[in-house]
Amino acid sequence: MCQSSGASLSSLRGFPTLVDIKKAAHRLEPIIKRTPTEFSVRLSEECKRHVFLKREDLQLIRSFKLRGALNKLLGLSENQRNSGVVCASAGNHAQGFAFACRLLKVKGVVFLPQNTPKQKIQQVVYYGKEWINLVLVGTNFNQAYEESIVFANNNRKIYIHPFDDIDVIVGQGTLALEMIADLPLDLDCVLVPVGGGGLASGVACVYKLLSPKTKIIGVEVEGAAVMADSLERKARTFMPDVDSFADGTAVAQVGKLPFDMCLKFLDDVIVVSKKAVCRALIELNNKHGMVVEPSGALSVAALTNKTIDDYKTVACIISGGNNDAARFIEYTQILES
């Protein structure tokens, strides 16, 4: 689909550098949780390969999104913070944004789609408290995003994009530094969930510099495979009717910078079925005692895909665990359909 390269990312204008990501890791270290990269005995036995899990479901907001949002806000000047900040999100970026606003005492406005799971809405309110104003608008991320851009421009506020921002990408890339430190051996493959592309591009950025033999493979779910389509066409495509099943990765269009980075450095994209995702998250819950949301389970759902048959040492990034328990009825219905 696309060819990765071991070329120095620092030589590519506009792309993050390893220095950028190491600085972000140092900046974030006193605040965020250093999540474990765990060997999964059970998944390894079932898949007949060595499987590791990067547990961002154990992050402070139960999602990797805290890294990027916090790194962005920490880099703002005092005047920028005083002007106030705005974001749109499918849920997890908003939680990281809200956490950062409260921590740094910055007034923020969050735009969420009206169909955002209640659990995520409640968590945004909890993390942000009086520092956050919440606006529910539209039926998908793209509609909420368009409204948020208009609001930010009209009110001269700083916009904190969930994925198409170099400082956000740099923040997400810090989790890959932790993985490499925890796993000194060269992994054959890292499976990373893909929405707007911020996480995948940040992870690829680190691995192509420090472990270029490791294949970085994105994972999307059917009905929301906009990165796979964009990479195939070598241009960002737009999906107006994106399926919101995996709400954390349901975007109509990937970011420009993430697309450029993924086009050059992502080795492949796997598209999994909703049934595979439901099976993965239910088994993670029942067999491993893990609460994982659909987007967070994408990497595990891809473990049985033929694309990775030859890879014997694989890491799955569990990107988030903000799952509404009420949705398990939906997951069971999908499996039985």
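The values are calculated or read from the model by the stated rules, or taken from the named source; none is laboratory data. Worth saying up front: this structure is predicted, and the values here are computed from it rather than measured. Virtual Cβ from ideal backbone geometry, glycine too; neighbours counted across all protein chains shown.
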Set 226, 219, 192: member being out of contact with any Leu (no Cβ under 7 Å at 6 or more places or on another chain) and modelled with pLDDT of 95 or more = 226
Failed condition for residue 32, given (1) among the aliphatic types (A, V, I, L, M); (2) surrounded by fewer than 19 Cβ atoms within 10 Å (Cβ to Cβ); (3) in the same structural domain as residue 195 (by TED's automatic domain parsing); (4) touching a Lys or Arg at 6+ places or on another chain (Cβ under 9 Å) = (2)
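Matching residues to (1) more than 20 Å from the chain's Cα centre (by Cα); (2) polar (S, T, N, Q); (3) farther than 23 Å from residue 254 by Cβ:
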residue: 147; (1), (2), (3): yes, no, no
residue: 161; (1), (2), (3): no, no, no
residue: 168; (1), (2), (3): no, no, no
residue: 175; (1), (2), (3): no, no, no
residue: 180; (1), (2), (3): no, no, yes
residue: 189; (1), (2), (3): no, no, no
query = Can residue 96 be described as crowded, with 23+ Cβ neighbours inside 10 Å and in contact with a strand residue (DSSP E or B) (Cβ under 9 Å, 6 or more places away or on another chain)?
reply = yes
task = Examine region 254-266 for a residue that is of a type outside the set (D, E, K, R), in the same structural domain as residue 202 (by TED's automatic domain parsing) and within 16 Å of residue 320 (Cβ to Cβ), and state whether such a residue exists.
result = no
inquiry  = Residues that are hydroxyl-bearing (Ser, Thr, Tyr), in a helix (DSSP H, G or I) and within 19 Å of residue 304 (Cβ to Cβ): does region 31-43 have at least one?
reply    = no
key: Meets criteria (farther than 26 Å from residue 68 by Cα and surrounded by 24 or more Cβ atoms within 10 Å (Cβ to Cβ)) for residue 280   = yes
remark   = When residue 116 is run through (1) free of Cβ contacts under 8 Å to residues at least 40 places away in the same chain; (2) buried (at least 18 other Cβ atoms within 10 Å of the Cβ), the failure sits at (1)
task = Please specify each residue of region 206-256 satisfying the condition of being of a type in the set (Lys, Arg) and without any contact (Cβ under 8 Å) to a residue 12 or more places away in the chain.
result = 233
query = What single numbered condition from (1) under 22 Å from residue 90 (Cα atoms); (2) crowded, with 24+ Cβ neighbours inside 10 Å fails to hold for residue 266?
reply = (1)
From 143, 80, residue being within 30 Å of residue 22 (Cβ to Cβ), in a helix (DSSP H, G or I) and in contact (Cβ under 8 Å) with a residue 12 or more places away in the chain = 80
inquiry  = Given (1) touching an Asp or Glu at 6+ places or on another chain (Cβ under 8 Å); (2) over 28 Å from residue 33 (Cβ atoms), identify the lone condition not met by residue 336.
reply    = (1)
message = Can you report the number of residues in region 44-69 which are part of a strand (DSSP E or B), over 14 Å from the mean Cα position of the chain (by Cα) and not aliphatic (A, V, I, L, M)?
response = 2
Single condition residue 259 does not satisfy, out of (1) touching a Phe, Trp or Tyr at 6+ places or on another chain (Cβ under 9 Å); (2) crowded, with 23+ Cβ neighbours inside 10 Å = (1)
ask   = Just one of the numbered conditions (1) in a helix (DSSP H, G or I); (2) crowded, with 19+ Cβ neighbours inside 10 Å; (3) in contact with a Ser or Thr (Cβ under 9 Å, 6 or more places away or on another chain) is not true of residue 162; which one?
value = (1)
remark   = Scanning region 215-253 residue by residue, those surrounded by fewer than 24 Cβ atoms within 10 Å (Cβ to Cβ), in contact with an Asp or Glu (Cβ under 8 Å, 6 or more places away or on another chain) and in a loop (DSSP other than H, G, I, E, B) turn out to be 222, 223, 237, 239, 243
inquiry  = I'm trying to understand the selection: among the residues of region 119-132, which are buried (at least 18 other Cβ atoms within 10 Å of the Cβ) and touching a residue at least 40 places away in the same chain (Cβ under 8 Å)?
reply    = 120, 123, 127
inquiry  = Just to be sure I understand the filter: pairs with C-beta atoms under 7 Å, separated by 6 or more residues or on different chains, first member in region 179-205 and in a helix (DSSP H, G or I), second member among the polar types (S, T, N, Q). Which pairs pass?
reply    = 179/37; 180/211; 182/37; 198/172; 199/172; 199/319; 202/172
query = Going by the conditions given, is residue 262 within 15 Å of the chain's Cα centre (by Cα) and either hydroxyl-bearing (Ser, Thr, Tyr) or assigned to a helix (DSSP H, G or I) (or both)?
reply = yes
